[in-house]
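For reference, the structure I am asking about is given below.
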Amino acid sequence: MITAQPVLEVLLPVHNEAESIAATIGEIYDTLSPRIPLRFIICEDGSTDDTKNVLTRLSQTFPIRLIMSEERKGYSRAVIDGMKSLQADYLLCLDSDGQCDPKDFWKFWDGRNHQAVTIGQRVCRSDNLLRKTMSRVFYAIYQLLYHVPVHDPSCPYVLANKQVIDSVVSELGAMKQGFWWEFIARVHRRGFSIREVPVNHRNRTAGTTRVYRLTKLPVIAGQHLAALFKVWFQTRGK
């Protein structure tokens, strides 16, 4: 179902979320649509379960633009492809696992005319200790390089206006596993205003994350650090 031009588009990267994606989309729509004309941009990323069929059915009920992929592109590429298709004045980006609470959205929306970007800060983060520890170590290095005025630059709960998205989207993609770290760094380097608001971080509604397995951590850490310095070098003059 496609509606008239929306004021807000909601971008969800989706991979193997057949069990929970209907509930996630329904909750977001029921919370936001009574007050804001919206449309979903669903970036399906090579799912191997029944996600594609579920999304096709949902597109008959909700205002959804589907971007399907037969092969796995990865989180960053999926989000970038969604950003490039933005038509509305504002873009809300969320993860599709149900950990982001749509009720927090109004904190973002009410300040949209005062900041170019608003990002969430997960006050009580529902992740394991290893993942939270890795984020804190990386954050210390990140701040030495960028001095970004936020405490949780990896939070996947972000509202930005179209000008911001159009300005940086073609440069994104250096950080394959740390997309929001890169996005916030590039936005800050370009001088856009950023605000951080506290958000509720819930347990996943179904399934488990597969990115941060213990065996993958050394490779991921190395890739993160290399990309961190690459982005710093690319943005030195901005």
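Which FRET efficiency value, to the nearest 0.05, is calculated for ASN203 and ALA226 with the Förster distance at 30 angstrom and r the Cβ-Cβ distance? Before the final figure, lay out the partial values.
Values: r = 32 Å, r/R0 = 1.07.
Efficiency computed from Cβ-Cβ geometry: 0.40.
Using 30 Å as the Cα-Cα cut-off, could you pick out the over-long pairs in LYS107/LYS230; LYS52/LYS230; LYS73/LYS107; LYS52/LYS176; LYS103/LYS162?
Those over the limit are LYS107/LYS230; LYS52/LYS230; LYS73/LYS107.
Where nothing but the Cβ of Lys and Arg (+1) and of Asp and Glu (-1) is charged, how large is the charge dipole of the stretch 1-111 around its Cα centre, in debye to the nearest 20?
On the way: 11 positive and 18 negative charges, 79 e Å.
Around 380 debye, computed over the stretch 1-111.
Of MET175, PRO63, LEU144, which is farthest on the positive side of the dipole of the chain, counting Cα position, with +1 on Lys and Arg Cβ, -1 on Asp and Glu Cβ, and the Cα centre as origin?
Positive-end residue among those listed: LEU144.
I would also like to ask the following. For the chain, take the convex hull of the Cα atoms, compute a quarter of its surface area, and give me that in nm², please.
11.9
Normalised by the number of residues in the chain, what is the relative contact order in percent for Cα pairs under 8 Å and 6+ residues apart?
Relative contact order, the chain: 24 percent.
Based on Cα positions only, what radius of gyration and what Dmax would you give for the stretch 7-144, in angstroms?
Using the Cα atoms of the stretch 7-144, the pair Rg, Dmax is 15.8, 48 Å.
Within the set of other residues whose C-beta is less than 9 Å from the C-beta of SER85, count the net charge using Lys and Arg as +1 and Asp and Glu as -1. All intermediate terms of the calculation are to be shown ahead of the outcome.
Details: positive: ARG65, LYS84; negative: GLU9, ASP81.
Within the 9 Å Cβ shell, the charges total 0.
Placing unit charges on C-beta atoms (Lys and Arg positive, Asp and Glu negative, everything else neutral), compute the dipole magnitude of the chain about its Cα centre in debye, rounded to 20.
Charge dipole of the chain: 800 debye, to the nearest 20.
Throughout, read-outs are computed from the coordinates displayed, never taken from laboratory work. Small disclaimer: the values here were computed from a predicted structure and weren't measured. Counting neighbours? That spans all protein chains shown, and the Cβs are built from the backbone with ideal geometry, glycine included.
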